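Below is one structure, written out as structure tokens; the observations come after it.
The values are calculated or read from the model by the stated rules, or taken from the named source; none is laboratory data. The shown structure was predicted, so the numbers you read here are calculated from the model rather than taken from an experiment. We place every Cβ from the backbone using ideal geometry, glycine too, and count neighbours over all the protein chains shown.
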């Protein structure tokens, strides 16, 4: 049985196509006397095809046929997907874009449920928490599902969803926080560089790569890591209904999906099709239609992203060596 929405979409597409075909014939066949009939027909058909495309887009807006939004979190998680003067790894996840997509899905009256696709090794702490909060704000069922990897910041995000699904071979876990720095003091000495400090505040330059770290600085930075870890454990414990000591006992290990399921780190094992069947039962419908929500970026921004990926191919190693930010923190 064809729904009223389907009939409406078909009417818009057919009507739009006919309208543009008539316009094309009028412009390129009837009026110009200098054009050959063949050229006129070709141009008229071209205009008609463009019209069908535009009408199809309009029909999709007027009569949407989806009821589930899918938002993908893929690659390392950061605030803007890279940033800085040099490009980072292509495919990184800009957290602000993900939050915008989830919020847009939440504002869409046609969206009844959210699928959060997770294939990420983790990333920065606060951007990961921003995505988790956006998932918690969503008004409806929220299902996270791990494809290949749902580790660290990815699991932090999953703790904000109603359920977490995975495949038997998915990598899940790594509930921990890591901070790192490069100690380049010996190298600097060999090449004749020295670090001269101008700072106000004892710990202002803690973790700077060009100087040795003393015990007080090491304790201070480890304290930051411990605080973030306590927050991570709390988020997972509350969101996944797990005992804090159990979460700590994982010692940031990773697990295959089947073991993670046995440990109740994952709610269900299954394929994407099985998840959709479960959502159909939840929404009391025969089947669901999933719409992929993607960032709303202008053309120049997309061109810029492509240029950054080309630059990465030539300068990835240089980007790693040229990072002078010292101490770095990620989940």
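Some observations on this one:
- Residue satisfying condition, being surrounded by 17 or more Cβ atoms within 10 Å (Cβ to Cβ), farther than 16 Å from residue 228 by Cβ and at pLDDT 95 or above, within set 184, 113, 209: 113
- When restricted to residues that are surrounded by 17 or more Cβ atoms within 10 Å (Cβ to Cβ) and not in a loop (DSSP other than H, G, I, E, B), segment 148-162 contains 9.
One line per residue, one yes/no per condition, for (1) modelled with pLDDT under 95; (2) surrounded by fewer than 17 Cβ atoms within 10 Å (Cβ to Cβ); (3) over 30 Å from residue 281 (Cα atoms):
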| position | (1), (2), (3) |
| --- | --- |
| 83 | yes, yes, yes |
| 87 | yes, no, yes |
| 103 | no, yes, no |
| 117 | no, no, no |
| 123 | yes, no, yes |
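- Any hit, segment 171-186, residues being assigned to a helix (DSSP H, G or I) and in contact (Cβ under 8 Å) with a residue 24 or more places away in the chain: yes
- Filtered by the rule that a residue be outside any helix (DSSP H, G or I) and closer than 15 Å to residue 100 by Cβ, segment 124-147 gives a lone residue, 138.
- The listed residues are 230, 216, and the only one of them that is surrounded by fewer than 16 Cβ atoms within 10 Å (Cβ to Cβ) and either at pLDDT 95 or above or part of a loop (DSSP other than H, G, I, E, B) (or both) turns out to be 230.
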